[in-house]
Amino acid sequence: MREPLIMTPGPTEVAEEVRQAMAQNFTNPDLDPQFFKFYAELCGDLQKILNTKSQVLVLSGEGMLALDSALASLIEPGDRVLALSNGIFGNGLAGMAENYGAEVIKLEKSYSEPVTGREVEEILEQEKEIDLATVVHCETPAGLINPIEEILPALNERGIITVVDAVSSLGGIEIKPDDWGADVVLGGSQKVLSAPPGLAFLSLSPSAWEKIEKRKASQPAFYLNLKLWQDWQEKQEFPYTPSVSDIYALKKAAERLLAEEDRYQRHARIAGAVRKALQAGGLILYPDFGYSDTVTAVRMPDGINFSDLNREMLEKHGVMIAGAFAELSGKVFRIGHMGENCREEKLYLTLKALQHSLVKLGFNFQQDILKIYVNELNS
Ligand SMILES: *Cc1c(COP(=O)(O)O)cnc(C)c1O
């Protein structure tokens, strides 16, 4: 069986040397001083990718563990949480905050429009005494970027702890957490870093640690409780046995990403060419503006459904793209161009397969999207 080209917005394709890193022999990570050093070096690499001086932790669990553990650790019952809810993940974070007993105030908006700094200012004029805010940088299902450079300072100025889900943008789109006032930034191994799924990581600012330390309410969680990680380095002790193989892979993936100085330009250039080609061909992107450089969401053309498109792409052309879920199910298809997927030739093959497949399903392209894509890359 031919292996498909995985062009989904995470999990992404994993480079050979990252896969090889996983095959290294094991150690006992709770007892081996070399492993503590290795883990600390990985945290240092991730600090560079996150572009922060804050402490970074790598947790053994899928990307969602970053979201869940941050909220479980930071929220005390009765805390007032502002959730920017203009997408599936934004709305999901609001639900998680409710699970932990927060009084949640939602800033709701269409899933096709970014939240602006102005709107955040306005809601903060009405809603006083907010303890914490949740912000999604890249709303992956909608291919949309919220302008966190204007949103975070508005929150930070008022002493609100900010939790930023940058799982699908981190490493592909530049962020400045320390300048903008992001207290907690969340990431996952299987997006831009292009390591296998299985690890979550996050940064915690001194203010975030302070909120965790000052907690008065009891903490029913164990695995999700970040407080257990507070002094792992001094004590040389992990709260639970880390996933050694996944950590080997993530370290190699982080090194690969850091070795590439123009990674942000690569994402911007290729994403720009993909968008230009799709639009010139007559397709309509999902967001009204605020397009992500890591994933493109396209409105399903009238009369064509995703399962037919997917079957054609996967079975005839060996290219795997994604649909969407929840409220966007059936409404969009998505092409991931993050990390290892963000290569000129991979997007060429993807667009070629897409053009063939959509023509077969009855879509009339206004122009040859491959020509536009190549022209755009060369311009
Ligand atoms: C991928 C992703 C996550 C992690 O969730 P998955 O279970 O890996 O889908 C969290 N937030 C965002 C914005 C993501 O794109």
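The values are calculated or read from the model by the stated rules, or taken from the named source; none is laboratory data. Treat the numbers as computed from the prediction; the structure is a model and nothing was measured. Ideal geometry is used to build each Cβ from the backbone, glycine not excepted, and the neighbour counts take in all protein chains shown.
Annotations for the structure displayed:
- Scanning the stretch 289-313 for residues being small (Gly, Ala, Ser), exposed (fewer than 15 other Cβ atoms within 10 Å of the Cβ) and not in a helix (DSSP H, G or I) gives a total of 1.
- Test: residue in the stretch 204-212 that is surrounded by fewer than 16 Cβ atoms within 10 Å (Cβ to Cβ), away from the ligand (no atom under 16 Å from the Cβ) and not charged (D, E, K, R): yes
- Test: residue in the stretch 315-322 that is without any contact (Cβ under 8 Å) to a residue 40 or more places away in the chain and either more than 20 Å from residue 136 (Cα to Cα) or not assigned by TED's automatic domain parsing to the domain that holds residue 272 (or both): yes
- Scan of the stretch 359-369 for residues that are in a helix (DSSP H, G or I) and over 28 Å from the mean Cα position of the chain (by Cα), ordered by number: 359, 360
- A single member of 172, 181, 198, 159 is assigned by TED's automatic domain parsing to the domain that holds residue 244 and either closer than 16 Å to residue 69 by Cα or of a type in the set (S, T, N, Q) (or both), and it is 198.
- Test: residue 52 is outside the structural domain of residue 321 (by TED's automatic domain parsing), exposed (fewer than 15 other Cβ atoms within 10 Å of the Cβ) and among the β-branched types (Val, Ile, Thr): no
- The C-beta contact set for the stretch 58-72 (first residue polar (S, T, N, Q), second residue within 12 Å of the ligand (Cβ to nearest atom) and assigned to a loop (DSSP other than H, G, I, E, B), distance under 9 angstrom, 6+ apart or interchain) comprises 60/198; 69/61.
- Test: residue in the stretch 116-131 that is under 26 Å from residue 12 (Cβ atoms) and touching an Asp or Glu at 6+ places or on another chain (Cβ under 6 Å): no
- Per-region count, the stretch 135-187, residues part of a helix (DSSP H, G or I), in contact with a strand residue (DSSP E or B) (Cβ under 7 Å, 6 or more places away or on another chain), more than 13 Å from the ligand (Cβ to nearest atom) and touching a residue at least 40 places away in the same chain (Cβ under 8 Å): 3
- Number of positions in the stretch 103-134 that are under 26 Å from residue 328 (Cβ atoms), among the charged types (D, E, K, R) and assigned to a helix (DSSP H, G or I): 2
- When we screen 59, 93, 67 for residues that are under 17 Å from the mean Cα position of the chain (by Cα), within 16 Å of the ligand (Cβ to nearest atom) and not in a helix (DSSP H, G or I), the only hit is 59.
- Among the residues of the stretch 270-282, those identified as outside any loop (DSSP other than H, G, I, E, B) and surrounded by 17 or more Cβ atoms within 10 Å (Cβ to Cβ) are 270, 271, 273, 274, 275, 276, 277, 278, 280.
- Members of the stretch 1-35 found to be among the aromatic types (Phe, Trp, Tyr) and either crowded, with 19+ Cβ neighbours inside 10 Å or within 28 Å of residue 141 (Cβ to Cβ) (or both), listed by number: 35
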